[in-house]
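Colleague: Just dropping this structure here.
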Amino acid sequence: MAFARRILLAVTGLYPQILTETVYALGGFATQPPGQEQAPFIPTEIHLLTTSDGAKLARTALLHPDGGQFHALLANYPALGRPVFHEGQIHVIHDAQGQPLADIRTPEENACAADCITALMAQLTSDAQAQLHVSIAGGRKTMGFYLGYAFSLFARPQDELSHVLVNHPFEGHPEFFFPPAMPRRLATRDGTHIDTADARITLARIPVVHLRHGQPQALLQGQASFGATVAAIEKSLQPARLRIDLAQRLVLCGDTPIKLPPALLAWLAWWADNTLQGQGPQSWRTANAQRFLQLYQRVVTIDALVFENAQRRLKDGMEKTFFEENNAKLERVLRAQLGLAAAPYLLQTTGKRPHTQRYLGLAPEAIELF
């Protein structure tokens, strides 16, 4: 599938050449490792994430009206089109007070960098009709790590991650930004010269595990910090325990409190009670509606006459629509609040249609209901 909107995101430090080298490589002009040959990725827009010092260098070296190397790259290789890239798309990493950071050295600065990367990744992956390509070649190693980690958390199936490599002695040369269409000679520090015709740029695409489907909505909407996200994932790897206090309307999945409306809280309690009583898998045909009402009455105050009428109405069993809708609502709420950590608390399915049944997969010893 071809995407009309194609976004390139790169991180740089004091080496803005990474951006032009990456765009050149993605355009199909680079050497590709055997077996990894792929079609060009021509971005329609470019975003750069860097420090305040890196931003100054990028503006001067890449976007200066007189001699900016980004403009020179496009002039040398018309097939790259005219991707949108201007000063507004150079994103500067900032601290907790919103002040730009000149470098990333301390643990606090690294944490701020991680949060800035997470927020930007959330923003750029919010458009389902866009494709994102992320380069981790530039910046400090921690920046590349955070960017790759954030990519794993946010990336959709269409998104790509890569690293660009440049051969010696062109890597790090202050005047080398890409192999120009007409080769030229560059002076080296030792007084010799090198020919850009000998430059080789290699693009290596990096496979990663895509975890977006299991992330909490707060993260996908850019409302959770990197540290909080990592902590949530670590919790998802801990042994599952479900604690339900009906009188206090309290639900804990592991150590995480879950907000449930009264009826849905009673519904989860009903499934937990089935497990504790050894009832086994249930369908709408076998569900004990009377027991659900008893649990619901413990969550909210129900008028005795209303409760008696409800019992009479449900004496022949539970309605199929009621059963299925509550199961679907419960799953949505748990996934939204727990993300990956929701898996142990979701209802499991057994059997084949039309005789499928559901059950709570937790062991009885992992459940407290009172």
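What follows is calculated from the coordinates using simple rules that are stated; it is not laboratory data. What you see is a predicted model; the values in this text were computed from it and never measured. All Cβ positions, even for glycine, are placed from backbone atoms using ideal geometry, and neighbour counts span all protein chains on display.
Colleague: What list of whole percents do you get for P(r) of segment 1-123, with Cα-Cα distances grouped in 10 Å bins up to the one holding the largest distance?
Modeller: Binned Cα distances yield the sequence 12, 40, 32, 15, 1.
Colleague: Can you list the trypsin sites (Lys or Arg not before Pro) in segment 65-159 that are in a DSSP coil and have 12 or fewer other beta carbons within 10 angstrom?
Modeller: Details: sites: Arg105, Arg140, Lys141; in loops: Arg105, Arg140.
Answer by residue number: Arg105.
Colleague: Determine the shape class of segment 240-369: with a ≥ b ≥ c the square roots of the Cα gyration tensor eigenvalues, call it rounded for a/c under 1.5, and otherwise prolate if a/b is greater than b/c, oblate otherwise.
Modeller: Numbers: a/c = 1.74, a/b = 1.18, b/c = 1.48.
Note, shape of segment 240-369 comes out oblate.
Colleague: I've got another one for you. How much length would be gained if the chain were fully extended between Val230 and Ala128, taking 0.36 nm per residue of separation minus their Cα-Cα distance, in nm to one decimal? Intermediate values should be presented prior to the final figure.
Modeller: Details: separation 102, 0.36 × 102 = 36.72 nm, distance 2.41 nm.
Gain in length upon complete extension: 34.3 nm.
Colleague: Amide H neighbours of Leu369 under 5 Å, at least 5 residues apart or on other chains, H built in the peptide plane: list them.
Modeller: HN-HN under 5 Å from Leu369: Ile244.
Colleague: Identify which of Arg189, Arg249, Arg335 has the largest mean-square fluctuation in a Gaussian network model of the chain, with springs joining Cα atoms closer than 10 Å.
Modeller: Arg189
Colleague: Next question. Collect residues whose amide H, placed 1.01 Å from N in the peptide plane, falls under 5 Å from the amide H of Gly138; neighbours closer than 5 in sequence don't count.
Modeller: Residues meeting the amide H criterion: Val11.
Colleague: Once you've got the GNM for the chain with C-alpha springs shorter than 10 Å, pick whichever of Gly144, Gly280, Gly339 has the biggest mean-square fluctuation.
Modeller: Looking only at Gly144, Gly280, Gly339, the biggest GNM fluctuation is shown by Gly280.
Colleague: Mind listing the phi-derived Karplus ³J(HN,Hα) values for segment 93-98, rounded to whole Hz, using 6.51, -1.76 and 1.60 with θ = phi - 60°, and x for any glycine or proline?
Modeller: After applying 6.51 cos²θ - 1.76 cosθ + 1.60, I find 5, 10, 8, 5, 8, x Hz.
Colleague: OK, next. How large is log10 of I(q)/I(0) for the chain at q = 0.06, 0.12, 0.13 Å⁻¹ when the intensity is taken from the Debye formula with one equal scatterer per alpha-carbon?
Modeller: The computed values of log10 I(q)/I(0) come out as -0.36, -0.90, -0.99.
Colleague: Could I ask something else about it? Can you list the residues, at least 5 places off or on another chain, whose amide H is less than 5 Å from the amide H of Leu347, using H built in the peptide plane?
Modeller: Those lying under 5 Å, H to H, from Leu347: there are none.
Colleague: Could you give the alpha-carbon Rg of segment 114-171 over 2.2 N^0.38 Å, rounded to two decimals?
Modeller: After normalising by residue count via 2.2 N^0.38 Å, the value is 1.23.
Colleague: Still on this model: Tell me, in nm to one decimal, what length is gained between Arg332 and Gln294 on full extension, where the rule is 0.36 nm per residue of separation less the Cα-Cα distance?
Modeller: Working: separation 38, 0.36 × 38 = 13.68 nm, distance 2.44 nm.
11.2 nm is the gain from fully extending Arg332 to Gln294.
Colleague: So what is the calculated 222 nm ellipticity per residue for the chain, using -39500 (n - 2.57) for each DSSP H run with n of 4 or more, over all residues, to the nearest 500 deg cm²/dmol?
Modeller: Working: 11 runs with 130 residues, N = 370.
Helix contribution divided over all residues of the chain: -11000 deg cm²/dmol.
Colleague: Over all directions, what mean area does the Cα convex hull of segment 32-94 project, stated in square nanometres? Numbers along the way, then the final one.
Modeller: Values: hull surface 22.5 nm².
Spelled out: convex hull of the Cα atoms, projected over all directions, averaged, 5.6 nm².
Colleague: With springs connecting C-alpha atoms under 10 Å apart, model the chain as a Gaussian network and identify which of Val11, Val166, Val84 has the largest mean-square fluctuation.
Modeller: Result: Val84 has the largest fluctuation of those listed.
Colleague: Mind giving me the FRET efficiency for Glu37 and Arg156? R0 is 22 Å, r the Cβ-Cβ distance, nearest 0.05 is fine.
Modeller: Numbers: r = 23 Å, r/R0 = 1.04.
Result of the calculation: an efficiency of 0.45.
Colleague: Excluding same-chain pairs closer than 8 in sequence, count the lysine pairs in the chain whose Cα atoms lie under 27 Å apart.
Modeller: 11
Colleague: Still on this model: Could you pull out the longest piece of the chain with no exposed loop GluC sites (Glu not before Pro) in it, calling a site exposed if DSSP puts it outside H, G, I, E, B and it has at most 16 other Cβ atoms within 10 Å?
Modeller: So the longest stretch without any such site is 176-318.
Colleague: Using the Karplus equation 6.51 cos²θ - 1.76 cosθ + 1.60 (θ = phi - 60°), what ³J(HN,Hα) coupling, rounded to whole Hz, does each residue of segment 320-333 give in order, writing x for Gly and Pro?
Modeller: 4, 4, 4, 4, 6, 5, 5, 4, 5, 4, 4, 5, 4, 5
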